[in-house]
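Here the structure comes first, spelled out in structure tokens, and everything after it is commentary.
The values are calculated or read from the model by the stated rules, or taken from the named source; none is laboratory data. None of these values were measured; they are calculated from a predicted model. Don't worry about glycine lacking a Cβ; one is built from the backbone with ideal geometry, like all the others, and counts go over all protein chains shown.
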There are 2 protein chains.
Amino acid sequence: MTTPTLSPDFLDTDAVRTAVERVLDDFLDTKSGSPAPPGPPSLSGLLADFLSGGKRIRPLLCVTGWRAVGGTGDPGPVLRVAAGLELFHAFALLHDDVMDDSPVRRGRPTMHRTLAALGAARLTPERIERAGVNGAVLLGDLALLWSDELLHTAGLTPAQLAAVLPPLSAMRTEVMLGQFLDLEATGVLTDDVEATLTVNRYKTATYTVERPLHIGAAVAGAGPAALDALSRYALPLGEAFQLRDDLLGVYGTAESTGKSPLDDLRAGKNTTLTALALRAADRVQDAQLRELLGDPLLDEKQAAIVREIFDATGARETVERMIEDRRQRALHALDTAPFTPDAVAALRRLARLATVRTS
Amino acid sequence: MTTPTLSPDFLDTDAVRTAVERVLDDFLDTKSGSPAPPGPPSLSGLLADFLSGGKRIRPLLCVTGWRAVGGTGDPGPVLRVAAGLELFHAFALLHDDVMDDSPVRRGRPTMHRTLAALGAARLTPERIERAGVNGAVLLGDLALLWSDELLHTAGLTPAQLAAVLPPLSAMRTEVMLGQFLDLEATGVLTDDVEATLTVNRYKTATYTVERPLHIGAAVAGAGPAALDALSRYALPLGEAFQLRDDLLGVYGTAESTGKSPLDDLRAGKNTTLTALALRAADRVQDAQLRELLGDPLLDEKQAAIVREIFDATGARETVERMIEDRRQRALHALDTAPFTPDAVAALRRLARLATVRTS
């Protein structure tokens, strides 16, 4: 295994990405041979394929959190912790895609679809779909277990490990609870904007932004004041991240987001966008939304009708305004934060990456 | 949280079970309120229900492994580690039941069926089944995460944790790989007896017996010689455990096993029993087995035909002989093992529990 290194600019986005990806590649390489029962296709290879093309937002935040509170010296341990977050995220996405029965992820067929196709030659028709789902669930489980292994082989001191475990544990539980809330809400459209923001906070704001920052900061031995300062930046930014995601799910292009702009609408996802639209809709619009959202056969023409209603009710504009408001709050929090200047600059860049993105 | 205690006889089976169950109850109690987003049903309550009625074979082995190599003093940490293994097992079973679409577990509807029924009132028909599957997958994920939390709050010293992690990590990966092998083999009947024994080793022998013993022994600081001695006992016993399971899946009663004796046959599970029968079958028997095994509508009369073939081909008797042979090897390994006498007595009892059981 090669020792991970960073360019002199610790927080150069591309350098961190490259370093994290090298950790992941090396780790999965060690898994490609052993422990090897004969038979299954290369599980580590499937995972490596799945991992390619991610934005690495959580690892970036983790390394930046470490640096922000004064982390210095060998970045090896924090990079391995950061890479573990990416593997954990792979677990969450793999299971998410199964639960939503999503067809496409990062411009490629989702894992359960890929594995179903692999099994098509040797299985009876009724077993094909199940084999895909089962394989993707198992591969997700494996990604979760391996994310743990990365953490435990990260070279942390016992004190560092003890500091990392509480926020990590909280992060992992929160994302599960967020998923449960999401699941509960699926199939029943809601105009309860606050409820969608609650799911947003559990599913994304803490999971994607706050906890990765805290985990990196914990590696550097951050105290409560530094963690609070990170939260003041992280929570509004995390909400903005999810709101941008909601918009991209409806208005994005397949080329940039890697998934069809019909998927979220067909799934009938309850987002802040849909809740705002339902709340502001007149009777005709309300009926149209309830007919079209969640229709698994919704076509591009019908999607255009939904988008028009999102525009006409002002829902889209409101979400854009909410994103901007939250981004400003996040940036404002940095003005008084006790972070290193290079980290503040990096956090500003990440705020942009998270909210102004097109993918 | 109450401090776990054991009766003066450290290895009394019922006392260990009770102590482990108290740890699990206390842990899930701490989860029943927080971290609490509003909404979902009591996830910890669902898990507590699911956990009730288990044999606790892995926790028993874990505590016995600790004691065998000289573990003394406060049993609190090893009991929490042992309870973590039971939560991990809950994760494995929850996902297993989803993958096999099993209807019944421990005499009750499986979790995905239970959750589907809970959702029936508010969901459209096509969403009901999916909601059950998704909920059970998530609850399994949560059980896995919480098993980790139990480990990390077990009160282990850094040295103990460092010793526990490698066998734990290996155990968790192995059971996944065993599941993949199982999955690969599903839907295509095999007469390859060796292949079924390989899956058996990965899926059960190490997972159920060897690794729990090693994990307990690691808490007590066992060296390589002690671990090897445990393996010599554990691996044959673990194979025997799975072979008994295979027989109980076909010849057991619903009252004692908690599941229908038709499930395994309907699923077309490849077991050593089926492989032996296929290998020894004449042309007529072979055709009958291939017609009936894996038929999701197989009835009791057809099951009786399959059982007759298992008997007539000598497959059942061979499996019984294999169990006895392996049990003897496990017991024989104890004759020269450097374990405490009370642990040797407990390991003899556990060998009986694992191989002569009816549930």
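A compact table of results
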| read-out | value |
| --- | --- |
| Scan of the range A:154-165 for residues that are more than 9 Å from chain B (Cβ to nearest Cβ) and either touching an Asp or Glu at 6+ places or on another chain (Cβ under 9 Å) or without any contact (Cβ under 8 Å) to a residue 60 or more places away in the chain (or both), ordered by number | A:155, A:163 |
| Conditions (1) more than 8 Å from chain B (Cβ to nearest Cβ); (2) surrounded by 23 or more Cβ atoms within 10 Å (Cβ to Cβ); (3) farther than 27 Å from residue A:245 by Cβ; number of the one not met by residue A:143 | (3) |
| Test result for residue A:205, touching a helix residue (DSSP H, G or I) at 6+ places or on another chain (Cβ under 6 Å), without any contact (Cβ under 8 Å) to a residue 60 or more places away in the chain, within 28 Å of residue A:228 (Cα to Cα) and away from every other protein chain (no Cβ under 11 Å) | yes |
| Residue list for the range A:98-126, filter: more than 14 Å from every other protein chain (Cβ to nearest Cβ) and under 19 Å from residue B:137 (Cβ atoms) | A:103, A:105, A:110, A:113, A:114 |
| Residue list for the range B:177-195, restricted to those being more than 8 Å from every other protein chain (Cβ to nearest Cβ) and under 17 Å from the mean Cα position of the chain (by Cα) | B:182 |
| Any pair with Cβ under 6 angstrom, 6 or more apart, that starts in the range A:12-25 at a residue that is assigned to a helix (DSSP H, G or I) and ends at one that is of a type in the set (D, E, K, R) | A:17/A:56; A:20/A:56; A:23/A:80 |
| Residue check, residue A:174 within 11 Å of another protein chain (Cβ to nearest Cβ) and under 30 Å from residue A:286 (Cα atoms) | no |
| Cβ-Cβ under 9 Å pairs, at least 6 apart or on other chains, the range B:336-354 side more than 20 Å from residue B:204 (Cβ to Cβ), far side assigned to a helix (DSSP H, G or I) and modelled with pLDDT under 90 | B:346/B:13 |
| Selected residue (criterion: modelled with the highest pLDDT) from residues of the range A:197-228 that are β-branched (Val, Ile, Thr) and closer than 30 Å to residue A:271 by Cα | A:215 |
| Given (1) at the interface with chain A (Cβ under 9 Å from one of its Cβ atoms); (2) charged (D, E, K, R); (3) buried (at least 22 other Cβ atoms within 10 Å of the Cβ); (4) more than 21 Å from residue A:144 (Cα to Cα), index of the condition residue B:80 fails | (1) |
| Given (1) of a type in the set (A, V, I, L, M, F, W, C); (2) surrounded by fewer than 20 Cβ atoms within 10 Å (Cβ to Cβ); (3) in contact (Cβ under 8 Å) with a residue 40 or more places away in the chain, index of the condition residue B:222 fails | (2) |
| Boolean, residue B:310 is surrounded by 13 or more Cβ atoms within 10 Å (Cβ to Cβ) and under 27 Å from residue B:62 (Cα atoms) | no |
| Unmet criterion (only one of (1) of a type in the set (A, V, I, L, M, F, W, C); (2) within 25 Å of residue A:256 (Cβ to Cβ); (3) more than 14 Å from chain B (Cβ to nearest Cβ)) for residue A:92 | (3) |
| Given (1) at pLDDT 85 or above; (2) touching a Ser or Thr at 6+ places or on another chain (Cβ under 9 Å), number of the condition residue B:107 does not satisfy | (1) |
| Enumerated helices (runs of 4 or more DSSP H) restricted to the range A:291-359, each holding at least 3 residues that are closer than 13 Å to residue A:243 by Cβ and β-branched (Val, Ile, Thr) | A:315-335 |
| Unmet requirement for residue A:155, which otherwise passes all of (1) at pLDDT 85 or above; (2) crowded, with 18+ Cβ neighbours inside 10 Å; (3) at positive phi | (2) |
